[in-house]
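The values are calculated or read from the model by the stated rules, or taken from the named source; none is laboratory data. These figures come from a predicted structure and were not determined experimentally. Neighbour counts are summed over all protein chains in view; Cβ atoms, including those assigned to glycine, are modelled from backbone coordinates with ideal geometry.
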Amino acid sequence: MGSSEKIWDKIIFYLKRPDMRLFWIFLGLATAIILMEIFYVPGYLVFISSLVFLGIAAVIFINNYRLAKANFTIQLKKKQLEGMIISLQDGVIAYDPNFKIMVFNLTAEEIFKIKAEEVLGKDFTPQKASEARFKLMAQVMFPSLAPVVIARSEAGMFPQVADLSFSDPVLELRVTTVKILDDKNTLLGFMKIVRNRTREIEAAHSKSEFVTVAAHQLRTPLNAISWTFESLAGEEKMPAEFKEIINNGKTAAVKLLETVNDLLDVAKIEEGKFGYQMEDVEFVSFMEQILAQHLVSAKQHGIALYFDRPEEKNFVLKIDKQKMAIAINNIVENAIKYNVKNGEVRIALEKIKNEPFVKITVTDTGIGIPPDEIGKLFKKFFRATNVLKFQTEGTGLGLYMARNIIRQHGGQIWAESTLNRGTTFYFTLPTNSSLVPIKEVFVEE
Ligand code: ATP
Ligand code: MG
């Protein structure tokens, strides 16, 4: 009983749906015709036409019923999807290839301070940017209008990901653009998913602000300790057995100060406030100056240091000398520190053919990096397991800073390594100053 009742309920439900209209119209017309026939036509003809009408009615009913059911399912899915999109935490804008807006959800309304009905169904053109109310949305729809855009995906590849930052008011948006295609791969339009990351980034900033304050507080007393050891070490009357203890103390204080300074630099980098001062620098002589500072340490470690100068000796690059020195110093220091006795470190510099970049290569004959750990090389505090065993000194911040500094110069850094054979670090820097980012931005992984 129960299930047949359910079937009836279902049939009655669909009979009421608008897709059944044709069936009802036909039923009405057929009844009217039969009623008229009863008066004017012989009974057997009425019977035959009733049968024909009944047949046609059945066909229409079955067709309409199927249609009603299919449409109902589609509508239900559409509503579910709309409900989901509307209530998403991310802003969603969908539009056709002519930039006619088709979807504009609640979060998009909040982010852009625009009501959906103001844009829905209308073509959104770049000219809209001239109207203050639509400016932000125009900058998201056409990122070339935005003040600061950092692409997070390759140009022309979908989904496209870009970070947009605005300063007045402060707003950090991550915009993902996807293509909407049908089954036959015809382009129907695009969808932009807009994530408001302002709070997230602010939270990260306040965390690094804490590190900054703590590090600053540590620096002053550490300096005092360092100076105390220094002056004690210089004391002539100091018995020899104390001298060693004092020297150890001095070394430890200096190391600690270095670590605190590294932490301070990392915090500044992550706040996007490292403060780059870019200037034109002849890079070959700059490298020579840096490498000269490593000669003593290389000798102490029994390492031969070579620099393969390029034939052409005029590479003027736009760099921050002090920051670039931090990056290169650490890469060279690592190549010396993680080397073997009588090993070597070779540094080369070359122009990349047909590309506006120079490539710097630092090759060592050292202990190498375990293959399963090389992916973590540029992560904060990473130290490889083979290093931890014999080199207890080091915080694992050097390469993290180096990567950030090189990226801020418009370059890339990567490494190749064979365990127990050696490691090569590569990094590139643009020769064309227009490829150096104008604004300091921190790219978190
Ligand atoms: P510091 O913060 O003082 O530089 P660190 O040298 O340990 O400490 P990074 O320079 O970031 O930190 O290097 C991270 C880790 O990567 C190292 O601890 C080491 O395990 C590995 N590594 C880096 N360079 C080399 C290299 N040339 N050969 C072998 N391992 C390396
Ligand atoms: Mg290091």
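For the reader, a short list of remarks on this structure follows.
- Residue match in segment 277-292 (condition: of a type in the set (A, V, I, L, M, F, W, C), on the phi < 0 side of the Ramachandran plot, in contact with a strand residue (DSSP E or B) (Cβ under 6 Å, 6 or more places away or on another chain) and free of Cβ contacts under 8 Å to residues at least 60 places away in the same chain): yes
- Some residue of segment 150-159 being acidic (Asp, Glu) and part of a strand (DSSP E or B): no
- Among the conditions (1) of a type outside the set (Phe, Trp, Tyr); (2) at pLDDT 85 or above; (3) surrounded by fewer than 13 Cβ atoms within 10 Å (Cβ to Cβ), Met1 misses just one, which is (2).
- Among the numbered conditions (1) in a loop (DSSP other than H, G, I, E, B); (2) within 30 Å of Pro147 (Cα to Cα), the only one that Thr392 does not meet is (2).
- In a residue-by-residue description of segment 258-275, the property of being more than 21 Å from Val332 (Cα to Cα) and loosely packed, with under 11 Cβ neighbours inside 10 Å applies to at least one position.
- Residue in segment 38-53 that is closer than 20 Å to Asn64 by Cβ, in a helix (DSSP H, G or I) and modelled with pLDDT under 85 present: no
- Residue pairs whose Cβ atoms lie under 8 Å apart, separated by 6 or more positions or on different chains, with the first residue in segment 395-406 and within 16 Å of Val436 (Cα to Cα) and the second in a helix (DSSP H, G or I) and more than 12 Å from ligand 2 (Cβ to nearest atom), are Asn404/Ile269; Ile405/Ile269; Ile405/Lys323; Ile405/Met324.
- When residues of segment 312-341 are limited to those that are assigned to a strand (DSSP E or B) and of a type in the set (A, V, I, L, M, F, W, C), the one farthest from the chain's Cα centre (by Cα): Val316
- For the residues Glu110, Glu154, Glu82, the requirement of being over 30 Å from Val436 (Cβ atoms) and under 23 Å from the mean Cα position of the chain (by Cα) singles out Glu110.
- Criterion (in contact with a helix residue (DSSP H, G or I) (Cβ under 6 Å, 6 or more places away or on another chain), part of a helix (DSSP H, G or I) and modelled with pLDDT of 90 or more) met by exactly one of Ile86, Ile60: Ile60
- Only one of the numbered conditions (1) under 28 Å from Glu444 (Cβ atoms); (2) part of a strand (DSSP E or B) is violated by Phe381, and that is (2).
- You will find that of Val284, Val340, Val316, the residue that is within 16 Å of ligand 1 (Cβ to nearest atom) and surrounded by fewer than 20 Cβ atoms within 10 Å (Cβ to Cβ) is Val340 and no other.
- Selection from segment 343-364 of residues that are within 16 Å of ligand 1 (Cβ to nearest atom) and either modelled with pLDDT under 95 or not in a strand (DSSP E or B) (or both): Gly343
- For segment 395-411, filtered to residues that are outside any helix (DSSP H, G or I) and away from ligand 1 (no atom under 11 Å from the Cβ), the residue that is surrounded by the fewest Cβ atoms within 10 Å (Cβ to Cβ) is Gly410.
- Looking only at segment 412-437, and only at residues there that are among the polar types (S, T, N, Q) and within 12 Å of ligand 1 (Cβ to nearest atom), the one that is surrounded by the most Cβ atoms within 10 Å (Cβ to Cβ): Thr423
- Qualifying residue in segment 289-307 (condition: under 30 Å from Asn420 (Cα atoms), buried (at least 19 other Cβ atoms within 10 Å of the Cβ) and away from ligand 2 (no atom under 16 Å from the Cβ)): yes
- Across segment 358-417, the number of residues qualifying as under 22 Å from the mean Cα position of the chain (by Cα) and hydroxyl-bearing (Ser, Thr, Tyr) comes to 1.
- Restricting segment 371-394 to residues that are surrounded by 13 or more Cβ atoms within 10 Å (Cβ to Cβ) and modelled with pLDDT under 90, the residue that is farthest from ligand 1 (Cβ to nearest atom) is Gln391.
- Answer from Glu258, Glu244, Glu236 - the residue that is modelled with pLDDT under 90, charged (D, E, K, R) and part of a helix (DSSP H, G or I): Glu244
- Meets criteria (touching a residue at least 60 places away in the same chain (Cβ under 8 Å) and surrounded by fewer than 15 Cβ atoms within 10 Å (Cβ to Cβ)) for Asp168: no
- Given (1) without any contact (Cβ under 8 Å) to a residue 24 or more places away in the chain; (2) under 47 Å from the mean Cα position of the chain (by Cα); (3) buried (at least 16 other Cβ atoms within 10 Å of the Cβ), number of the condition Ser50 does not satisfy: (2)
- Some residue of segment 91-103 being of a type in the set (Gly, Ala, Ser) and without any contact (Cβ under 8 Å) to a residue 60 or more places away in the chain: no
- Thr423 closer than 25 Å to Phe315 by Cα, touching a residue at least 24 places away in the same chain (Cβ under 8 Å) and not in a loop (DSSP other than H, G, I, E, B): no
- There is no residue in segment 323-338 that is away from ligand 2 (no atom under 16 Å from the Cβ) and either more than 18 Å from Gln412 (Cβ to Cβ) or not assigned by TED's automatic domain parsing to the domain that holds Arg403 (or both).
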